[in-house]
Amino acid sequence: MNEVRSIDRIDTGPRFTDADAIRLNRMFRGSDTQEMLAGVLDGDLAGEVAAVSSFGAESAVLLHLIAQVRPDIPVLFLETGKHFPETLAYRDALVERLGLTNLVNLTPDADALAKKDENGLRWSYDPDGCCDLRKVQPLAAAMQAYDASFTGRKAFQNSARAELPRFEIDSSDAAGRLKINPLIDWTQDDIDGWFEEHDLPRHPLVAQGYPSIGCSPCTHKVAAGEDPRSGRWKGWDKTECGIHLPGSDETPDDLPPGYDPAF
């Protein structure tokens, strides 16, 4: 008699659903950030988790909080090739100071850069396309290995982030990963207080008038009282690099040959 063999099936469904995000938001309602981080990581509530960090103006706070719970968590840094030298030096100094043991530098695909940004000036005429090449695509590839990510987004940074919850579903693809925003309800005073209480080093460009720091060509100083992110992509109708926006199957069209970038 032939034995009936069960059919192997691969679960292709989403890792998490909106209902899971709602459940986690309710579970940690009233918990402070440290309790929430410990609960998620020690309780293995989000599967394989990575932190995505720009090592920008306020990154030290979240990285410090995470390091107190899991210093070996993967910290993904998008090495776009366009960062301020100060950012790269700050990254290395902060990793050592906090004892983070799993920094992962993500770089753009060399072939894609050669095809889409041969002269390195795409940022000047198509910032969305530049971000897609240097940030969105490398992060999307890396995140295939993870179920969730921590971000440093805060509600006070701009109106688009004002209503974000602690837990949400990453809508960049259909994988159903969790996106976790531990500092979403922190105020600027909370951030400043944590820096002072724990003697955390500041990004050196903050003192020079850069409250939000990204790639050097697309980051400008901000006047007192202005939106902290108003110096990002100044002059463009753009407030996010794309890694926190819903995904699209379309990639930006190349501009015609001979197009002269505007500076």
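The values are calculated or read from the model by the stated rules, or taken from the named source; none is laboratory data. Not measured: the values here are computed from a predicted model. Backbone-built Cβ (ideal geometry, glycine too); neighbour counts: all protein chains shown. The area values use the complete protein model at the heavy-atom level, side chains included, leaving out ligands, DNA and RNA. Shrake-Rupley method; radii C 1.70, N 1.55, O 1.52, S 1.80 Å.
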What figure in square angstrom, to the nearest 10, would you give for the accessible area of Tyr125 with a 1.4 Å probe?
50
Quick check on the stretch 1-156: take the gyration tensor over C-alpha atoms, sort the square-rooted eigenvalues as a ≥ b ≥ c, and tell me if it's rounded (a/c under 1.5), prolate or oblate.
oblate
Accessible-area ranking of Met27, Met143, largest first, probe 1.4 Å:
Met27, Met143
Going down the table (Lys154/Lys179; Lys82/Lys221; Lys82/Lys116; Lys115/Lys135; Lys116/Lys179), which pairs top 22 Å between alpha carbons?
Lys116/Lys179
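Could you order Phe156, Phe167, Phe16 by accessible surface area, starting with the largest, using a probe radius of 1.4 Å? Don't skip to the end; give the middle numbers.
Numbers: Phe156 65, Phe167 5, Phe16 30 Å².
Result of the area sort, largest leading: Phe156, Phe16, Phe167.
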Heavy atoms of Arg202 accessible to a 1.4 Å probe, total area in Å² rounded to 10:
90
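Pop out the carbon and sulfur fraction of the accessible area of the stretch 84-161 as a percent, whole number, probe 1.4 Å.
Carbon and sulfur together cover 52 percent of it.
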Could you give the distance between the Cα centres of the stretch 94-159 and the stretch 18-62, to the whole Å?
20
Cα→Cβ-extended label distance, 7 Å offset, between Ser124 and Ala38, nm
5.2
